[in-house]
Amino acid sequence: MRSSPFDVYYEEYDEWYERNRFAYLSELKALEGEIPRDKRGLEVGIGTGRFAEPLGVSFGVDPSINMLKVAKERGAEVIQGRGEELPFYDCVFDYVLMVITICFLDDPSTVISEIRRVLKPNGLIIVGIVDRESFLGRYYMEKKEKGSKFYRDARFFSTEEVMKLLEEKGFRRKKVIQTIFDLPEKLKEVEEPKEGFGVGGFTVIVAEKT
């Protein structure tokens with residue numbers, strides 16, 4: 001997991017959610033209905049805790065020490081670490097959340113295997129991505145090509161690619177939903193998530209450990 005730009009520009013990263021509040025709240029709305037309540041959860045790539053705190057995810061791991069300081073202030077129990085080597089025992093979490101993180105991983109396949117390892121039987125993985133094949137994916141691909149400090153090293157995935165990877169790693173897909181139907185800076189209200197994928201820029205994939 002590449003941490004350096006996020007460690008240096010963590011405040012700028014966190015401010016994005018304030019500048020694009022309706023996009024952020026739309027993503028939260030899509031995720032919140034999929035988070036098991038009163039269960040033990042972990043966020044891989046917790047960042048500044050923007051998702052963990054409102055969604056009630058108690059634990060988080062991230063390589064960026066500066067981001068973890070902010071997440072800790074927001075109430076999460078955090079550990080510095082990488083998704084490729086999660087510092088937890090086997091079968092300890094009911095669900096694992098991973099939002100946007102997959103496009104910044106050095107080895108997504110290993111991270112998914114590690115997530116499966118720390119999940120209890122029938123535990124859930126909840127993955128939020130910017131779908132590469134969507135209008136939003138193309139928008140961020142342009143940012144990547146222009147050398148954006150956050151996206152220059154990103155590897156964007158399509159929803160179908162992530163679903164295939166999850167299946168290969170021993171997960172059974174349960175649900176796919178989408179949101180963000182216009183550019184984040186153009187949104188004027190919180191958008192309602194819809195089932196499926198292919199139209200929205202932000203996709204949530206829910207899969208169960210088999």
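The values are calculated or read from the model by the stated rules, or taken from the named source; none is laboratory data. As the structure is a prediction and not an experimental result, all values here were calculated from the model. Here Cβ is always computed from backbone atoms with ideal geometry, including for glycine, and neighbour counts include all displayed protein chains. Side chains are part of the model used for accessible areas, which takes the heavy atoms of the whole protein and leaves out ligands, DNA and RNA. Shrake-Rupley method; radii C 1.70, N 1.55, O 1.52, S 1.80 Å.
Starting from residues that are among the acidic types (Asp, Glu) and touching a residue at least 40 places away in the same chain (Cβ under 8 Å), keep the ones in segment 90-112 and report whichever is surrounded by the most Cβ atoms within 10 Å (Cβ to Cβ). Filtering first and then ranking leaves ASP94. Scanning segment 26-47 for residues that are farther than 25 Å from ARG116 by Cβ and in contact with a Phe, Trp or Tyr (Cβ under 9 Å, 6 or more places away or on another chain) yields SER26, LEU28.
Taking (1) more than 13 Å from ALA207 (Cβ to Cβ); (2) in contact with a Gly (Cβ under 8 Å, 6 or more places away or on another chain); (3) in a strand (DSSP E or B) in turn, LYS120 satisfies each apart from (2).
When you check VAL127 against the structure, is it crowded, with 20+ Cβ neighbours inside 10 Å, out of contact with any Phe, Trp or Tyr (no Cβ under 7 Å at 6 or more places or on another chain) and in a helix (DSSP H, G or I), yes or no? For VAL127, the condition - crowded, with 20+ Cβ neighbours inside 10 Å, out of contact with any Phe, Trp or Tyr (no Cβ under 7 Å at 6 or more places or on another chain) and in a helix (DSSP H, G or I) - is not met. Inspect segment 55-66 for any residue being buried (at least 19 other Cβ atoms within 10 Å of the Cβ), within 24 Å of THR203 (Cβ to Cβ) and free of Cβ contacts under 8 Å to residues at least 24 places away in the same chain and give the result as yes or no. Checked against the condition, which is being buried (at least 19 other Cβ atoms within 10 Å of the Cβ), within 24 Å of THR203 (Cβ to Cβ) and free of Cβ contacts under 8 Å to residues at least 24 places away in the same chain, segment 55-66 yields at least one hit. Taking segment 85-143 as the range and being touching a strand residue (DSSP E or B) at 6+ places or on another chain (Cβ under 8 Å) and among the aromatic types (Phe, Trp, Tyr) as the test, the residues that pass are PHE88, PHE93, TYR95, TYR140.
For segment 145-187, the set of residues classified as under 23 Å from PRO5 (Cα atoms), open to solvent by 60 Å² or more (accessible area, probe 1.4 Å) and in a helix (DSSP H, G or I) consists of GLU145, GLU185, listed by residue number.
Which residues, counting only those in segment 74-83, are open to solvent by 20 Å² or more (accessible area, probe 1.4 Å) and in contact (Cβ under 8 Å) with a residue 24 or more places away in the chain? Listed by number, the residues that qualify are ARG74, GLY75, VAL78, ARG82.
Under the condition of being of a type in the set (Asp, Glu) and open to solvent by 10 Å² or more (accessible area, probe 1.4 Å), which residue from segment 130-142 is nearest to GLU168 (Cα to Cα)? So, considering only residues that are of a type in the set (Asp, Glu) and open to solvent by 10 Å² or more (accessible area, probe 1.4 Å), the one nearest to GLU168 (Cα to Cα) is GLU133. Among residues of segment 127-139 that are under 16 Å from PHE104 (Cβ atoms), those with a Cβ under 7 angstrom from a residue that is among the charged types (D, E, K, R) and open to solvent by 10 Å² or more (accessible area, probe 1.4 Å), sequence gap 6+ or separate chain, pair up as GLY128/GLU27.
Per-residue answers, yes or no, for (1) closer than 16 Å to ASN20 by Cβ; (2) under 18 Å from the mean Cα position of the chain (by Cα):
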position: ILE112; (1), (2): no, yes
position: ARG116; (1), (2): no, yes
position: ILE126; (1), (2): no, yes
position: ARG132; (1), (2): no, yes
position: LYS143; (1), (2): yes, no
position: THR159; (1), (2): no, yes
position: GLU185; (1), (2): yes, no
position: VAL199; (1), (2): no, no
